[in-house]
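Single-structure report; data block below.
All of the numbers you see were taken from the coordinates with simple rules; none came from a lab. Quantities reported herein were computed from a predicted structural model and do not represent experimental measurements. Counting neighbours? That spans all protein chains shown, and the Cβs are built from the backbone with ideal geometry, glycine included.
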Amino acid sequence: MVKRIWRRLNDQQASSPQSRTWGHAGEPKPDSAGAEPDAPTSSTPSGSADSKKKSRHISTREAVRRFRSHAQEDRKHEEVVRVGLEDALWSDLYHHALTANWVTFTFWAVVSYVVVNLFFSILYALVPGEVTGPHPLSFWDLFFFSVQTLSTVGYGGMTPTGIGANIIVSFEVLLGMMINALAAGAVFARIARPRARIIFSNKAVISDESGVSVLCIRIANCRRSLILSVDVEVALSRLIVTHDGHLERRFEPLTLVQAHVPVLRFAFVLAHVLTEASPLHRHSLDELKTEEAEIIVTVTGTDEAMGQTVFARTAYAFDKVMHNHRFVDIIHTRPTGGLAVDYSKFHDVEEHLSGGLHPEEKIVG
């Protein structure tokens, strides 16, 4: 894939004079003086030398290196090593507690709990005889005494009697109340964090039933409560090579027929008409696949039951875009009255008869 991008860039450089200026769609434009695109800017030897210096030929190895470097942006945060940036764990502990997965969160909670109790067990061991019990206390007895003190349970089987042990107990009880409050708050925040139970169709379809090509994506609300004031944004993401040899991710908005949905009760189909103004109109399917293009969808709304803002997102590679298909209806009227929504058919599509598009053609033929 990288080699194809590299070859296309070098072909463009070999066939295009350096005096041209390029627009976003890769078309030559007149310069600021209104000259024709092919008009030479200079015929002097120095101008020719400067042109050769500006012309840059990228090797395959360099193109691969840049692509791999840029591809890190699309990986998960835990897969990327960030150099020169300190991870502010203690100053941003609450955020780390919310964003860690449940396995990591539980592991560090248990480890911290054991370490704190071991620390206080050692302190109690440094004042022997000041914690009394029904029998001579071992180190593990002191550990479980620390567990009871930290959790403020206090069964009464072991008690502090000396001044040193009582001072340690006082600090441990204070620390235990703070730890319990923080731990309960973190667990509650993780459970109560608003999540949008919005599902996206696992395929996008391009329908051409009425002679107009339309890109369609289906979304659905899986909760019984409504999602209010839903705003949807769809964009085309392409990994392109600029004319100076740099790789960059470019985002182009895909305008929807209806980007704002007042109420999302069941399901809704997002539609983008592929007119000449659409970014999809200017690129063939092979180009989009070569550029690792994706259709990115983001949804924002307000959950009626919780009154909180919820978010959802997904992305479609172009091998997930089906031509001359449409979504199967999932909402129908029941014989006894009322509506039925068949979520088991949510991802189902059906083919409709229309002039198919060849992969080498434009998205819009």
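Extension gain for Asp319-Gln258 works out to 19.5 nm (0.36 nm per residue, less the C-alpha to C-alpha distance).
Stretching Tyr155 away from Val328 to a fully extended chain increases their span by 55.9 nm, per 0.36 nm per residue minus the current alpha-carbon distance. The relative contact order of segment 93-192, computed from alpha carbon pairs under 8 Å that lie at least 6 residues apart in sequence, is 30 percent. Between Ser284 and Gln308, what FRET efficiency follows from the Cβ-Cβ distance if R0 is 51 Å, with the result rounded to 0.05? Efficiency, from the Cβ-Cβ distance: 0.75. Scanning residues 5 or more positions from Leu270 or on other chains, those with amide H under 5 Å from its amide H are Ile217, Arg218, Ile219, with H placed 1.01 Å from N in the peptide plane. With each label modelled as a point 7 angstrom along the Cα→C-beta vector, the His95-Ala340 pair spans 4.9 nm. Given their separation in residues at 0.36 nm each and the Cα-Cα distance between them, Thr104 and Thr275 gain 56.8 nm when the chain is fully extended.
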